[in-house]
Amino acid sequence: MDESMDAGHQTQTRDGGETPSDYALAGDVSIRDVDALAADLRDRLARGALAIRTGDLQSIDVAVLQLLLSARKSASAAGSAFSIDADEAGTLALAIDRAGLRREFDDVLIAGSA
């Protein structure tokens, strides 16, 4: 997996809520990376809210998209926030559209500085 990951950090906000742990998906991410990525996401979600950044993503396949949807459902079941920062015309958004999964990702995609 050609992936860079931030150490991730989580802090308390003034209202007692948690700011999300950052996780960067970068490079080429495919089915070959799913096991390691699943373990990383599980560990991060066990700590609470998670924000995934995709600005340096070069390619992503449907297996990883399915894993991200699974992570979103796990976060929701645990009552944790989950978001994906993805440029509207970026690699992730294009892969989501090609796979016909836009509706499934709409509630977690944040267009912006990915």
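Please treat every number below as a calculation from the coordinates, not as lab data. It should be emphasised that the depicted structure is a prediction, and the values quoted were computed from it without experimental measurement. When we count neighbours, we look across all protein chains shown, and the Cβ atoms used for this are built from the backbone with ideal geometry, even at glycine.
Within the set 39, 51, the sole residue that is within 17 Å of residue 22 (Cα to Cα), in contact with a Pro (Cβ under 7 Å, 6 or more places away or on another chain) and not charged (D, E, K, R) turns out to be 51.
Only residues that are of a type in the set (A, V, I, L, M), touching a helix residue (DSSP H, G or I) at 6+ places or on another chain (Cβ under 7 Å) and crowded, with 16+ Cβ neighbours inside 10 Å: list them for the stretch 54-80, please.
57, 60, 64, 65, 67, 71, 75 - these are the residues of the stretch 54-80 that are of a type in the set (A, V, I, L, M), touching a helix residue (DSSP H, G or I) at 6+ places or on another chain (Cβ under 7 Å) and crowded, with 16+ Cβ neighbours inside 10 Å.
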